[in-house]
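The values are calculated or read from the model by the stated rules, or taken from the named source; none is laboratory data. Remember, it's a predicted structure, so these values are computed and weren't measured experimentally. For neighbour counting, all protein chains shown are included, and Cβ atoms are generated from backbone atoms with ideal geometry for every residue, glycine included. The protein model used for the area step is the full one, side chains on, heavy atoms only, and it has no ligands, DNA or RNA in it. Shrake-Rupley method; radii C 1.70, N 1.55, O 1.52, S 1.80 Å.
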Amino acid sequence: MRRSPTCSKAQGRARRIRLRPFREWDRPRSILLMTEALVAHQEAGWYPDAQERYNEETLGNMRYAESRSAAEFLAATRSVRRLKEELLSQLTPADVLVLPGAPVPAPLVAEATRRGDEPRPPVVMKLTRANGPINCSGLASVSAPCGLSQEGVPIGVQFVARTEATALAMGLLWQTLSDFHHARPPLAAHPAGN
């Protein structure tokens, strides 16, 4: 693996590791998150009593969680636990994982609001795919800009560590050694609503 200029200047060592594709977290993570949200809304007395106040996406998430069986919830819990153990086994206390901030560049408004048949815009799952497993694993993460896509929209990198201090230190080092945080997208190139 070729070392990045930042890693070389910081006297760090890079090593390649194998991680399961983060898309494998999508279904079990969604079941757990939406079920937790459902329980919190029910305990607060908001759902179903005040469901008329919910937007389409939130109501869809509550109904999705209601339709999951106890067996599905337990299977999702086991899957997330196994995936978490695998992820943590790759990360020593001193390691910092360098991952994409998201698997896609920042979406334009039209893509971010397009729903299709799903209760959420399809791009939302993609945008949370890179950081959801990190959150479920109890790891710290700092996201930082690392340039612009060919379309001129921001792209990012995330630094993942076992501690907030380590992740923050890497984010600060990245910003000190790079100038990506000065990049500005060409706003005029994308009219409002696109």
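Which residue out of Leu168, Leu172, Leu177 is farther than 23 Å from Trp25 by Cβ, touching a Ser or Thr at 6+ places or on another chain (Cβ under 6 Å) and surrounded by fewer than 17 Cβ atoms within 10 Å (Cβ to Cβ)?
Working: Leu168 fails: touching a Ser or Thr at 6+ places or on another chain (Cβ under 6 Å); Leu172 fails: touching a Ser or Thr at 6+ places or on another chain (Cβ under 6 Å).
After applying the criteria, what remains is Leu177.
For segment 110-125, does any single residue satisfy the condition of being open to solvent by 40 Å² or more (accessible area, probe 1.4 Å) and either under 27 Å from Arg16 (Cα atoms) or in a strand (DSSP E or B) (or both)? Within segment 110-125, one or more residues are open to solvent by 40 Å² or more (accessible area, probe 1.4 Å) and either under 27 Å from Arg16 (Cα atoms) or in a strand (DSSP E or B) (or both).
When residues in segment 74-91 are screened for being in contact with a Ser or Thr (Cβ under 6 Å, 6 or more places away or on another chain) and open to solvent by 50 Å² or more (accessible area, probe 1.4 Å), 1 of them pass. Residue check: is Ala94 out of contact with any Cys (no Cβ under 8 Å at 6 or more places or on another chain), open to solvent by less than 40 Å² (accessible area, probe 1.4 Å) and hydrophobic (A, V, I, L, M, F, W, C)? For Ala94, the condition - out of contact with any Cys (no Cβ under 8 Å at 6 or more places or on another chain), open to solvent by less than 40 Å² (accessible area, probe 1.4 Å) and hydrophobic (A, V, I, L, M, F, W, C) - is not met.
Sort through Glu43, Glu24, Glu57 and tell me the only one that's of a type in the set (D, E, K, R) and without any contact (Cβ under 8 Å) to a residue 12 or more places away in the chain.
Working: Glu24 fails: without any contact (Cβ under 8 Å) to a residue 12 or more places away in the chain; Glu57 fails: without any contact (Cβ under 8 Å) to a residue 12 or more places away in the chain.
Only one candidate passes the filter, namely Glu43.
The set of residues in segment 149-165 being in a loop (DSSP other than H, G, I, E, B) and open to solvent by less than 60 Å² (accessible area, probe 1.4 Å) consists of Ser149, Gly152, Val153. Under the condition of being in contact with a Lys or Arg (Cβ under 9 Å, 6 or more places away or on another chain) and either closer than 18 Å to Leu83 by Cβ or polar (S, T, N, Q) (or both), the residues counted in segment 96-124 number 1.
Look at (1) surrounded by fewer than 16 Cβ atoms within 10 Å (Cβ to Cβ); (2) small (Gly, Ala, Ser); (3) not in a helix (DSSP H, G or I) and you find that Ala40 fails only one, number (3). Evaluating Ser143 against the criteria (1) over 30 Å from Tyr64 (Cβ atoms); (2) assigned to a strand (DSSP E or B); (3) of a type in the set (Gly, Ala, Ser) leaves one unmet condition, (1).
State all residues of segment 43-67 that are open to solvent by 40 Å² or more (accessible area, probe 1.4 Å) and either touching a Ser or Thr at 6+ places or on another chain (Cβ under 6 Å) or aliphatic (A, V, I, L, M) (or both); if no residue qualifies, say none. The one that is open to solvent by 40 Å² or more (accessible area, probe 1.4 Å) and either touching a Ser or Thr at 6+ places or on another chain (Cβ under 6 Å) or aliphatic (A, V, I, L, M) (or both): Ala44. For beta carbons closer than 6 Å, sequence separation of 6+ or different chains, a first residue in segment 141-166 that is at pLDDT 95 or above and a second that is assigned to a loop (DSSP other than H, G, I, E, B) and aromatic (Phe, Trp, Tyr), there are no qualifying pairs.
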